[in-house]
Every structure is written in C-alpha cells, then in structure tokens.
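Participant: Here's a structure for you.
The values are calculated or read from the model by the stated rules, or taken from the named source; none is laboratory data. The structure presented is a predicted model; accordingly, all values stated were derived computationally and were not measured. Because the Cβ atoms are built from the backbone with ideal geometry, glycine has one as well, and the counts that use them run over all protein chains shown. Areas reflect the complete protein model, heavy atoms only, side chains present, ligands, DNA and RNA absent. Shrake-Rupley method; radii C 1.70, N 1.55, O 1.52, S 1.80 Å.
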Amino acid sequence: MFGGFDFDVIERSWRYLFFTGMSFTLRLTLLAMAGGIVFGTLLAMMRLSSIKPLAWIAGSYVNTLRSIPLVLVIFWFYFLVPYIGAWIVRSDTPVQVGAFDSSLFTFVMFEACYYCEIMRAGIQSIPRGQVWAGYALGLNYWQSMGHVVLPQAFRNMLPVLLTQTIVLFQDVSLVYVLSITDFVGAASKVAERDGRLVEMYSFVAVVYFIACLVLSQLVRRLQARIAIVR
Amino acid sequence: MIKISGVSKWYGSFQVLTDCSTEVAKGEVVVVCGPSGSGKSTLIKCVNGLEPFQAGDITVDGVSVGDPKTDLPKLRARIGMVFQNFELFPHMTVTENLTLAQIKVLGRRREEALAKGMALLDRVGLKAHAAKFPGNLSGGQQQRVAIARALCMDPIAMLFDEPTSALDPEMINEVLDVMVQLAQEGMTMMVVTHEMGFARRVADRVIFMDAGKIVEDTSKNEFFGTPRSERAQLFLSKILGH
Amino acid sequence: MHYHWNWSIFWQQSPDGDGSYLHTLFVGLGWTLALALLAWAIALALGVVVGVLRTTPAKWLERLGYAYVELFRNIPLLVQMFLWYFVMPELVPKGFGDWIKHMAPPWGSFVPAVLCLGTFTSARVAEQVRAGINSLPRGQRMAGTALGLTLPQTYRYVLLPMAFRIIVPPLGSEFLNIIKNSAVALTINVVELTARARAMQEYSFQVFEAFTAATLIYLLVNLVVVLLMRHLERRVAVPGYIGPGGAPASGH
C-alpha cells in the first residue's frame, strides 16, 4: 500500500518542518494559551458580575464567537486587527500587522471564549462560604478573587484547561487558510514543491497523533493525582 | 456597639426578616437562638453586610452598614466573623490564613503579621500546626484556627454563626472553651448557637427568633427562668431535654 | 478610517455569474447544510456502533473502540481533511483510486469532506453515547438479562432508548459543531458559506459586509437548531429523569 512513496522527503525537509513550522505552532499555542486564560478569566468574572451591562457584553461576545466557525473568526480578525491597530495608535490608515501577531490576537480572542466557560464553572464551584470568609476579613472584591477564589478555581479546573489547550494546539493548524507557515503550512509547502503530498500529510498526521496522545495521557495522569490530593 | 433597628429582608417576595430591632453593648455577649429557618443566620450576616437588607438599618460603632457610602471592607475588617463550616482557605497554610488579611487589608508588615498570628495561634493552643494545611486538621482544630484568624484583625466585636454545629460532639468543647475565654476577656460577641450550656455560662442576654421575628430579647436569667412567649418555652423544653 | 461601507453590495451581481452576492451566500449555506446533514448521518451511524462497543463486556471490543476514538481525536480536522482528499485516493486499490480522482468537482471535494466530517464527528458521538449508557444505573443491564433478553436485545430495548434521550442535549451541541466544522472544507475547495463569504470579500472588497452576513447566517442557523433541540428534548423527556450534567467538556 505504501510502496512507491518517497519518505526521504521527510528527512530532507526535517529542519524546515520543525524549526520553522512546528516552532510557529508551538509558540502560537503557548502564548495563545496564556493570553486566552487571562482574558477568559476576565470574561468569566464579567459574566458573573452583578453589573448587568458588563455581564451582557461578555455573554454576547462569548456566545457569538462560540457559534461561528473558527475559519470565519480567523478571516474576521485578519481584516479587523489592522483597523483596531489604527484606532489604538490614532493613525489614518490601517496598521500593518505581521502574520504571527495577527494570529496570536485571533487565537487569544477566540480561545478566551472557551477558557471563559471553563473558568466560569470553576468559579461557580467554589462554595459561597469561602467568598463570605474573605469579605468578613475585610478583603474587597479584587482581593477575594485574587487570593481566595481564583487560586482554588484554577487548581480545580487545571485538567480541563489543559485539555482545551490540546484542542488549541490542533486549532492552530487552521492558519493554513491565510497561507501562514505553521507545521501544516510548512508540510504543505514541501508537499507542493516536491510533489509528495501523501508522504507529507501522513507524516503530519502521525506527528500530531503522537503529540496529542502523549499530552492527553499526561493530563489524565495529572487529573488522577489531583483527585487523590483533594 | 451593634445597633439593629427595624431590619427587614426579602428574598424575592419571601420575607425572611421582619422588623428586627436589638442592641449589643460594648463587652456584652448576646446569644441568638431559635428553630431552623428562623432567620438567625441571616440576621447575623446582615450585621457585617454579607447579606443585604431592604428596610431598617444596622450601625456598628456608629458606622451605618446600610449606607451605600460606607466603606464596607474597612468596616468588616473591624468585625470578626466565625462560620459554621470554618471556611479556612484550603489552598493556604494555617499561617498564610492568619496573615493574609493582616497584610492585604491592614497593611501590616510580614513580620508583624506573623508574630501576631503565632501569638493568637498559641492562645488557641495550636502553635504546633502553623505550617499545616486546613485539610490536615480536625474540625475542632480548624474552627479554633478560624477564631484566631478573626482575632488577628483586632476586631471590636465578634460574630459567630453556629460555630459548633458542624463539629463532632467530642470537639465542641475545645471550641466553646476558647469562646468562653474570649467572653471573659470582655469581647463584644453576638453568637448564633444551639449550645444552651454556653449561653447559660457566659451570655448576658438571649434573643429568641422565630419565623424572621425577634420573639424574646431578655437577660439570660429571665430567659432560662421564665420565658414569656409560648414559642420560646416550647423550644427550650425541646432542646434542654437532652 | 478609510473603510467605505456599502450594504447594497448584496444585491450586486457576483462576478462568477451565479446571481447576486446574497444569492451566492445562500447557495453556500445550502452546501454547508448538505455537508452537515450527510456527515451527521454518518456520524450517528458510526458513533452509535463505536459507543456501544466501548460499553460491552468484551475487553478487546472496548479497546478497539478506544483506539478509534483516540485516532480521530488526536489529529486536527484540517489534517484529516487533507488525508481524505489527497492521501486516501492513493491508498485504495488503483481502479477505485482513479475513479475518485476523476470525480467531477464539486463532488470530488464534497465526498471526501462528508466522509471526513462524518468520521471525525463519529468519535465525539461515540463518547457521548458511551457516557449516556454509562450514566444508566448498572441494574438496568442486569434487569434486562435477568428477564432473559440477550445482550443485543438488552441494548436495543433497555439501554439505548434511555441513553439516546439522555444525550439529546450534548448531541445537539455536536450537531452545531458539525455546522461550524464544515467551514474547514473550504481548504479542499468545497464552496460552502464561509468560502462564499471569502469569495465575496475578494471580489467586492466589502470585507465587513461579507463577513457580517456570514456571521448572521451562522447565528440564525444556530438559533434554529437550538430551538429544534429544545423541542426534541421536551418531546422525548422521561418523567423524573434529568440526565448527566457536570462541568463543560473542552473543545468546540
């Protein structure tokens, strides 16, 4: 079945695939995870806030982005970010933003919606008595969130947050639609240049499979360890 | 010290507190008792603004709790509260539980907060457990740490919301002993509890609540001797039975 | 700001001669829905089988099901799309492969997209079915066999009817996911809604009008599906049963 295929192409393009492609994918994943969790936690706090307009804005934003395809969101932000940039620096013309920065912005804004729902569940699972105890000691809202609620919520939801990050790692591949060179993009460029579609795409599939399988097994083990400690 | 005037509270259309009025003078120990659902926990949570109320007002040391302009965190730092479920912060050690609010709210330096925390921990007899996590302590130990945590803030009054209701019987006394000592040292205390033995020992006054209303508000001796309302008599006969 | 809004663009003729821009968007929607529904049929059929396999007492069947789910879970949808489109025709027997490669567009793209989306989603459906069956009290299975039913009969008459009712809400979510994931098919030239919006943007330069329209259409479809799901939930609800709840699973 695999006879007649030239898998040497993988050996030849190895550096390009990993040092250009996978490096882009990993950097984007890790930075988007960090930004997404921070922004997502903020959105969760907004959704749970007693200030109605704030809750409504956050809720609408999260629900809208969770209802449309990621591909569409990628297109949206690709065109929107230069205008946002112009508004921030008060320029007349749209600001040129590089591929990595535009993608980073997109993925932070998108994944934050999913991290938001996870953190929201986490925050809501903390017993009210904990919040009262914090307030009774004289802590204000931000102090009680920062020292009492969020540390506990984050610890509880860590496995789910990490699983979402594995999903993010896979989602990054969609920057392909803008011809950006992530791991899949790099493989596709080599495939087209050398005419080795089967070899390259099979290889990409195998790499992702092994990486995600190993990562999800690690998360499962972490989950088991946390469960014992509580 | 604590003045509750005409306080009423509704959850939606359901009225949980009806026109409650009473006073706790400086150094007084007032016990609040009553059947489940009588509103006693709700009332005590209104005193430091943890629960909002829709009518009436509460003042603590002259500061109004109901006034929207009041700096509630600042007021709450001056009132200590102990909860039924202890509510120690499980992700922090005992020491960190004791020093967090001192540092973040009162602005004390770390060494000062630590010294105070250890002194109070020693006072409740738990100095050896300073580095442990709440999960490693028994219920009675956790509650004593919770009392120490509240005392670290140098409060002008202490509120107790059923402090022994979640404890196994053999641990109730170790907590009550700490509370008795506190009362004898002159702390202003408002205690929601079923422990009538405690009330008889150190209370100055006893308040009996039923269905959101204060039904009896008399001196300890009068309450245990000749309670005026039937409801209070019924309640007393039931719980003093064991 | 130099962007010129022009909402009347929708009534202009699209350069590829299909009608107005608005018309092309709706044609795209048609392809999205066709793709989603056919893939959903495959996902349900395969997903139920694998989900059931994962709950049988036979260890090796359970492991097979586990391998199936892990395979589709750990490879990005885009990569799976490429595997079906570029790699699969090369791996099957030559005659069959050639026939696939010579399929006229749009079918040459549409068929692999349906197969890809269907199998990808089947793994997720399998997990929902497994969760649904496992949420039933263990005694249900025993009661079935105690009455003399064979294992297949127990599944057919006792376990699956209840499991399906319980998992209607999460299956609704999976269907919404299929609609969103259908957009990935544009990478293999399926001209669904997002592709049409992109084309409209490229021809007319009215970027935000095009994408706003696509967004609104997706939101509308979402709304319709959510309402249908709620209706279905009410119709099949079993008295006294709330079903599995819990923290949200990750993913889209």
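Participant: Please enumerate the residues belonging to segment B:1-60 that are assigned to a helix (DSSP H, G or I) and in contact with a Leu (Cβ under 7 Å, 6 or more places away or on another chain).
Facilitator: Result: B:Thr42, B:Leu43, B:Ile44, B:Val47.
Participant: Run down C:Val79, C:Val50, C:Val69 and say which single residue is more than 14 Å from chain A (Cβ to nearest Cβ), open to solvent by less than 60 Å² (accessible area, probe 1.4 Å), under 19 Å from the mean Cα position of the chain (by Cα) and β-branched (Val, Ile, Thr).
Facilitator: Exactly one residue qualifies, and that residue is C:Val50.
Participant: Test A:Val214 against the stated conditions and say whether it is surrounded by 13 or more Cβ atoms within 10 Å (Cβ to Cβ) and either in contact with a helix residue (DSSP H, G or I) (Cβ under 8 Å, 6 or more places away or on another chain) or without any contact (Cβ under 8 Å) to a residue 12 or more places away in the chain (or both).
Facilitator: Taking the combined requirement at face value, the residue does not satisfy it.
Participant: Here is a follow-up. Among (1) modelled with pLDDT of 95 or more; (2) of a type in the set (A, V, I, L, M); (3) open to solvent by 20 Å² or more (accessible area, probe 1.4 Å), which single condition is A:Ala44 missing?
Facilitator: (3)
Participant: Filter segment C:167-198 down to residues that are in contact with an Asp or Glu (Cβ under 7 Å, 6 or more places away or on another chain), surrounded by 24 or more Cβ atoms within 10 Å (Cβ to Cβ) and not hydroxyl-bearing (Ser, Thr, Tyr) and give me whichever is farthest from the other protein chains (Cβ to nearest Cβ).
Facilitator: In this case the residue turns out to be C:Ala185.
Participant: Determine, yes or no, whether B:Asn85 is open to solvent by 70 Å² or more (accessible area, probe 1.4 Å), within 19 Å of B:Leu159 (Cβ to Cβ) and touching a residue at least 12 places away in the same chain (Cβ under 8 Å).
Facilitator: Answer is yes for this residue.
Every residue, every condition in (1) at pLDDT 95 or above; (2) loosely packed, with under 13 Cβ neighbours inside 10 Å; (3) closer than 25 Å to A:Leu80 by Cα, yes or no:
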position: C:His4; (1), (2), (3): no, yes, yes
position: C:Leu22; (1), (2), (3): no, no, yes
position: C:Leu35; (1), (2), (3): yes, no, no
position: C:Trp40; (1), (2), (3): yes, no, no
position: C:Leu46; (1), (2), (3): yes, no, no
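Participant: Scan segment B:198-214 for residues that are buried (at least 20 other Cβ atoms within 10 Å of the Cβ) and assigned to a helix (DSSP H, G or I) and jot them down.
Facilitator: B:Phe198, B:Ala199
Participant: Across segment B:203-224, what is the total count of residues that are touching a residue at least 24 places away in the same chain (Cβ under 8 Å) and acidic (Asp, Glu)?
Facilitator: 3
Participant: A further question follows. Tell me, please, whether a residue that is aliphatic (A, V, I, L, M), within 13 Å of chain B (Cβ to nearest Cβ), in a helix (DSSP H, G or I) and over 27 Å from A:Thr106 (Cα atoms) can be found in segment A:212-222.
Facilitator: For segment A:212-222, residues aliphatic (A, V, I, L, M), within 13 Å of chain B (Cβ to nearest Cβ), in a helix (DSSP H, G or I) and over 27 Å from A:Thr106 (Cα atoms): absent.
Participant: Next question. Select from segment B:61-83 the residues that are closer than 17 Å to A:Arg128 by Cα and in a strand (DSSP E or B) and list them in ascending order.
Facilitator: B:Met81, B:Val82
Participant: Right, next: Given A:Phe154, A:Phe169, A:Phe203, which one is open to solvent by 10 Å² or more (accessible area, probe 1.4 Å) and over 17 Å from C:Leu77 (Cα atoms)?
Facilitator: A:Phe154
Participant: With the checklist (1) touching a residue at least 12 places away in the same chain (Cβ under 8 Å); (2) on the phi < 0 side of the Ramachandran plot in hand, flag the one item C:Arg156 doesn't pass.
Facilitator: With respect to (1) touching a residue at least 12 places away in the same chain (Cβ under 8 Å); (2) on the phi < 0 side of the Ramachandran plot, C:Arg156 is out only on (1).
Participant: Let me spell it out: the conditions are (1) in a helix (DSSP H, G or I); (2) within 11 Å of chain A (Cβ to nearest Cβ), and C:Ala41 meets all of them except one. Which number is the exception?
Facilitator: The failed condition is (2).
Participant: Give segment A:85-104 a look and list any residue that's more than 9 Å from chain C (Cβ to nearest Cβ) and open to solvent by less than 50 Å² (accessible area, probe 1.4 Å), or say none.
Facilitator: Those that are more than 9 Å from chain C (Cβ to nearest Cβ) and open to solvent by less than 50 Å² (accessible area, probe 1.4 Å): A:Gly85, A:Ser91, A:Val95, A:Gly98, A:Phe100, A:Ser102, A:Ser103, A:Leu104.
Participant: Among the residues of segment A:142-170, which ones are among the β-branched types (Val, Ile, Thr), over 16 Å from the mean Cα position of the chain (by Cα) and more than 7 Å from every other protein chain (Cβ to nearest Cβ)?
Facilitator: A:Val149
Participant: In this structure, is A:Leu31 in contact with a helix residue (DSSP H, G or I) (Cβ under 9 Å, 6 or more places away or on another chain) and in contact (Cβ under 8 Å) with a residue 12 or more places away in the chain?
Facilitator: yes
Participant: Right, here's the next one. Of these, A:Tyr208, A:Tyr135, A:Tyr176, which one is of a type outside the set (Gly, Ala, Ser) and more than 22 Å from A:Leu28 (Cβ to Cβ)?
Facilitator: A:Tyr135
Participant: Say we look at segment A:87-106 and pick out the residues that are aromatic (Phe, Trp, Tyr) and in contact with a Phe, Trp or Tyr (Cβ under 9 Å, 6 or more places away or on another chain); which of these is farthest from A:Val71 (Cα to Cα)?
Facilitator: Filtering segment A:87-106 for residues that are aromatic (Phe, Trp, Tyr) and in contact with a Phe, Trp or Tyr (Cβ under 9 Å, 6 or more places away or on another chain), the one farthest from A:Val71 (Cα to Cα) comes out as A:Phe100.
Participant: Moving on. What pairs come up if the first residue lies in segment B:109-128 and is farther than 25 Å from B:Gly139 by Cβ, the second is part of a helix (DSSP H, G or I) and not aliphatic (A, V, I, L, M), and their beta carbons are under 8 Å apart, counting only those six or more places apart or on different chains?
Facilitator: As it stands, the answer is B:Arg110/B:Thr99; B:Glu112/B:Gln102; B:Ala113/B:Thr99; B:Ala113/B:Gln102; B:Leu114/B:Thr95; B:Leu114/B:Thr99, since those pairs meet every condition given.
Participant: Hey, another quick one. For residues in segment C:100-159 being of a type in the set (Lys, Arg) and crowded, with 18+ Cβ neighbours inside 10 Å, which is nearest to the chain's Cα centre (by Cα)?
Facilitator: Among those residues, the one meeting the criterion is C:Arg124.
Participant: Separate question: Looking only at segment A:121-140, count every residue that is hydrophobic (A, V, I, L, M, F, W, C), open to solvent by 30 Å² or more (accessible area, probe 1.4 Å) and more than 8 Å from every other protein chain (Cβ to nearest Cβ) and tell me the total.
Facilitator: Qualifying residue count, segment A:121-140: 1.
Participant: Something else about it: Of everything in segment C:199-230, what is within 7 Å of chain A (Cβ to nearest Cβ) and farther than 14 Å from C:Asn6 by Cα? Give them in sequence order.
Facilitator: Correct list: C:Ala214, C:Thr215, C:Tyr218, C:Leu219, C:Asn222.
Participant: Go through (1) closer than 28 Å to A:Pro151 by Cβ; (2) in contact (Cβ under 8 Å) with a residue 24 or more places away in the chain one by one and return the number of the condition B:Gly34 breaks.
Facilitator: (1)
Participant: For A:Ala32, indicate whether it is surrounded by 22 or more Cβ atoms within 10 Å (Cβ to Cβ) and either part of a helix (DSSP H, G or I) or touching a strand residue (DSSP E or B) at 6+ places or on another chain (Cβ under 6 Å) (or both).
Facilitator: Criteria met by A:Ala32.
Participant: Then there's this: Out of the residues in segment A:47-62 meeting the condition of being in contact (Cβ under 8 Å) with a residue 24 or more places away in the chain and open to solvent by 20 Å² or more (accessible area, probe 1.4 Å), tell me which one is farthest from the other protein chains (Cβ to nearest Cβ).
Facilitator: Checking each candidate, the answer is A:Leu48.
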